[in-house]
Amino acid sequence: MSDAPRLRVGVLASGRGSNLRAILSGVEARRVRAEVVVVLSDRSGAGALDIARDHGVEALVLDPTLHPGREGYDQALIALLEERRVELVCLAGYMRILRPVFVRHFEGRLLNIHPALLPAFPGLHAQRQALEHGVRIAGATVHFVDEGVDTGPIVLQAAVPVRQDDTEASLSDRILAEEHRIYPEAIRLFAEGRLRLEDRHVRILEEP
Ligand code: GRF
């Protein structure tokens, strides 16, 4: 890989951090020309923080109770990310709804992973929603974040067939394996400058 500067990525996570781990693996294996410069969480017990520290990445908790108002919280997040010159923000199991001030600030450089084939089953418990609906094909989506909940332009998707005997846990596991594949891939494409946003469509440019 060339010595071209690596994309500076910030990850926001509230939970166990398996997507963060997958991103770090891609970065460390140099498949993704990026560097995770900070992991931020709203929960001090988030497993993602331990994973970050284990990989030598700065891990910060921003306690929502110390920031009056949601807007103030998101302004503080912006400041922390800007101080670290973050170019791309990746939500990886981040459980707070971002305020418009944040979404607008990072417009076009804010990605999320969702465990469903959007626009089906946005919001919480997507895998359970898919099972209850009786779909044959579930999946995962990486998308740019806009001001709606899981409504932004779609970057990559992966399909996961539903089995007759699937439980929420078994289906979630197979979807998660696909998440771990497509999230680093989407970041790779972004880092290579190969994602072009055209209204709500994302064009993937050919490799130069
Ligand atoms: C993943 O299923 C992701 O799609 C959703 O939250 C979960 C986070 O898992 N947004 P992890 O913390 O990355 O393991």
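Where a number appears in this text, it was derived from the coordinates with a stated rule and is not lab data. These figures come from a predicted structure and were not determined experimentally. Neighbour counts are summed over all protein chains in view; Cβ atoms, including those assigned to glycine, are modelled from backbone coordinates with ideal geometry.
Observations, loosely collected:
- For segment 112-208, the square roots a ≥ b ≥ c of the C-alpha gyration tensor eigenvalues yield an a/c of 1.5 or more together with a/b exceeding b/c, which makes the shape prolate.
- Cut-off under 5 Å, modelled amide H: who pairs with GLY139 long-range: LEU117, VAL160
- What you get for segment 1-106, charging only the Cβ of Lys and Arg (+1) and of Asp and Glu (-1), is a dipole of about 300 debye around the Cα centre.
- Förster-model FRET efficiency, 45 Å R0, GLU83 and ARG128, C-beta, rounded to 0.05: 0.70
- Euclidean distance of C-alpha centroids, segment 1-58 and segment 173-196, integer Å: 14 Å
- The trypsin sites (Lys or Arg not before Pro) of segment 21-76 that meet both conditions, a loop assignment by DSSP and at most 11 other Cβ atoms within 10 Å of the site Cβ, are ARG30.
- Distant alpha-carbon pairs in segment 1-106 (separation over 21 angstrom), percent: 31 percent
- Calculated from backbone phi, Karplus (6.51, -1.76, 1.60) coupling profile of segment 32-43 in Hz, x at Gly/Pro: 10, 7, 8, 9, 7, 9, 7, 10, 10, 9, 8, 10
- Close amide-amide hydrogen proximity is noted between ALA34 and LEU7, each under 5 Å apart and 5 or more residues distant or on a separate chain (H modeled in the peptide plane; Pro and chain starts excluded).
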